[in-house]
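**Student:** Sending over a structure as structure tokens; questions will come in a sec.
What follows is calculated from the coordinates using simple rules that are stated; it is not laboratory data. The shown structure was predicted, so the numbers you read here are calculated from the model rather than taken from an experiment. FYI the Cβ positions are ideal-geometry reconstructions off the backbone, even for glycines, and counts take in every protein chain you see.
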Amino acid sequence: MQLLNSIFSWWMKKRMHQIDLFVKYPNEVQKEWFIELIESARNTEFGSKYNFAKIETENQFKDSVPVNDYDDLKPYISRIMAGEQKILWPTETKWFAKSSGTTSDKSKFIPVTKEALEECHYKGGKDMLSIYCDKYEDTQVFTGKTLMMGGSSQSIDPNTDSYQGDLSSIIIRNLPFWAEIRRTPDQETALMKDFEKKLERMSIITADENVTSLSGVPSWMLVLLNKVLAQKGINDISNIWPNLEVFFHGGVSFTPYREQFEKIISLPKMRYMETYNASEGFFGIQDLSTDSELLLMLDYGIYYEFAPMEEWNNKFPKTLTLDEVETGVNYALIISTNAGLWRYKIGDTICFTSKYPFRFKVSGRTKHFMNAFGEEVIIENAENALAFACQFTGAQIEEYTAAPVYLTNENSGRHEWLIEFNKSPENLEAFAEALDHRLQQINSDYEAKRKGNMALEFPIIRKMERGTFYAWLKHKGKLGGQNKVPRLSNDRKFIEEILGRNSQVKKEVV
């Protein structure tokens, strides 16, 4: 095993030369990918419609092709799923990542081409390991197995090899041999459709493996780890997997979960490494010790554009290239990819922390924020304020969501937070005061609206029973995979659904 570990580590670190190249020449690498993408798709239906054959510059591309969301591309994707080809991308497209992104009733089916799988998703997974091995030369990660939580997939057409499912299921179905032999549980278990049965089976199978790394969404991984602990009747994962050394996580912010992981994993050298990947692509990897600061990966078959907040809803927004962005500003991420997503607005916002190299933080969602009163509270604000309130009161949060309570002629508006605590604060009102205080400290718009309770009154905090959010996701058929609780909403759809299922709310602060 030691020899195998050394060989794998050496092989992974060879990739660092290519990573260094796009770090040093980011604009040149992006320009090359722009040209390759346009030339590759010039004879597709989409390429013909927007005259890709005559597009030579990035500005021509921006002037010719509108920014698209999923609904704009859905007619094309539906035809591809029905068997038509060369619509958005020239090569055969037979895999579709089922994505909700939020817990809305509509599912999105994102095309995953062979090029996107190999040049983006797999490349991202390998680079994650390359950066890790380069950073921690003493790693023994290849002496054991990676525990991966996969989603389910189902066939579309039994006469073809075409199927849909969570991105993780597509990745697991097509893993190269060297990666498959390092993974646990077995493929049949990993792709089980019934999430609760899968949890049960995974907790039994993986508990007897030598697991050295974890990979998945923090919320669902925590559920699995607690299941393993319960099955063994102990309270520390270190007693089950003493060689565990790293958790590669993504999908949701790790901030609310870090303390819970540290509570059940006491290994002194346990590391946590963040990635930013989605059904649409693999975008960033943590390459420093700074939490949440990610290196933008530039040679994955993705051409990036960045839209300032005031341009988010325009069909032909004024977008910026890498060279034009500024640090400390929130941009909507717009991508064109080798999966046939053209000027696609994925719904995430990022904020650059540095240029040359380009590092960033995921700051929120273009549709998931609270701005009912001009307060412009984004997820980054919420995570910061909640972490402050937890530290101040000794609380730990399991899940949460928040939405506005609209103003009326009689009352000012306010924010309502539904919070499921892993460890409740002794004084819920003190928690609410700390949350409100911190939001005013870090968000001047929120502070202005809170002044004198004129537009925004003191927030409502509702302490929810343990298991509330899990039960809600289960009711909606959205357990596991990339499904997650929407953190912030500008309307009350989600919050009313949850409250409607929980008429007995334990505590309230007004």
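**Student:** How big is D, in µm² s⁻¹, for the chain by Stokes-Einstein at 20 °C and 1.002 mPa s if Rh is the Kirkwood radius over C-alpha pairs?
**Tutor:** 89
**Student:** Please work out how much length the chain gains when fully extended from Glu180 to Glu200, using 0.36 nm per residue of separation minus the C-alpha to C-alpha distance, in nm with one decimal.
**Tutor:** Details: separation 20, 0.36 × 20 = 7.20 nm, distance 2.15 nm.
Taking 0.36 nm per residue and subtracting the Cα distance, the gain is 5.0 nm.
**Student:** For a protection proxy built on the mean count of beta-carbon atoms within 10 angstrom, sort 123-135, 34-46 highest first, please.
**Tutor:** 123-135, 34-46
**Student:** If you don't mind, another one. How much length is gained if the chain between Glu209 and Leu267 is pulled fully straight, taking 0.36 nm per residue apart and subtracting their Cα-Cα distance, in nm to one decimal?
**Tutor:** Between Glu209 and Leu267, full extension yields an extra 19.2 nm.
**Student:** Percent relative contact order of the chain, based on C-alpha pairs within less than 8 angstrom and at least six residues apart?
**Tutor:** This gives 14 percent for the chain.
**Student:** Rounded to the nearest Å, what's the spacing between the alpha carbon centres of region 351-403 and region 1-80? Just the number, please.
**Tutor:** Going from one Cα centre to the other spans 29 Å.
**Student:** As a check on your grasp of the helix formula, calculate [θ] at 222 nm for the chain: sum -39500 (n - 2.57) over DSSP H runs of n ≥ 4, divide by the residue count, round to the nearest 500.
**Tutor:** Calculated at 222 nm, the ellipticity per residue is -10000 deg cm²/dmol.
**Student:** Pairwise over distinct Cα atoms, reciprocal of the mean inverse distance: report the Kirkwood radius of region 244-319 in Å, one decimal place. Before the final figure, lay out the partial values.
**Tutor:** Working: mean 1/r = 0.0672 Å⁻¹.
Final number for the Kirkwood radius of region 244-319 is 14.9 Å.
**Student:** Output the relative contact order of region 314-428, whole-number percent, from Cα pairs under 8 angstrom with separation of 6+ residues. Working shown, then result.
**Tutor:** Details: 159 pairs, mean separation 17.0, N = 115.
Taking the mean separation of contacting Cα pairs over the length of region 314-428, I get 15 percent.
**Student:** Sort 279-286, 222-229 by the packing proxy (mean of other Cβ within 10 Å over each peptide's residues), most packed first. Mind showing how you got there, number by number?
**Tutor:** Numbers: 279-286: 25.4, 222-229: 18.6.
Descending packing order for the listed peptides: 279-286, 222-229.
**Student:** Taking 0.36 nm per residue of sequence separation and subtracting the Cα-Cα distance, how much length would be gained by fully extending the chain between Asp138 and Ala82, in nm to one decimal?
**Tutor:** Between Asp138 and Ala82, full extension yields an extra 15.2 nm.
**Student:** Further, regarding this structure: To two decimal places, what compactness ratio does region 392-494 give when its Cα radius of gyration is scaled by 2.2 N^0.38 Å? Mind showing how you got there, number by number?
**Tutor:** Values: Rg = 15.0 Å, N = 103, 2.2 N^0.38 = 12.8 Å.
Computed over Cα atoms of region 392-494, the ratio equals 1.17.
**Student:** Ranking request for peptides 210-221, 432-443: highest mean number of other beta-carbon atoms within 10 Å first, then the rest in descending order. The partial results should precede the final answer.
**Tutor:** Details: 210-221: 21.7, 432-443: 19.7.
Ranking the peptides 210-221, 432-443 by packing returns 210-221, 432-443.
**Student:** Excluding residues on the same chain fewer than 8 positions from Lys232, give the lysines whose Cα lies under 26 Å from its Cα.
**Tutor:** Lys145, Lys193, Lys197, Lys198, Lys263, Lys269, Lys423, Lys474
**Student:** Dividing the alpha-carbon radius of gyration of region 183-243 by 2.2 N^0.38 Å (N being the number of residues), what value is obtained? Please report the intermediate quantities before stating the final value.
**Tutor:** Details: Rg = 10.9 Å, N = 61, 2.2 N^0.38 = 10.5 Å.
Relative to the 2.2 N^0.38 Å estimate, region 183-243 comes out at 1.04.
**Student:** In region 186-322, what is the volume of the convex hull around the alpha carbon atoms, normalised per residue and reported in Å³?
**Tutor:** Hull volume normalised by residue count: 162 Å³.
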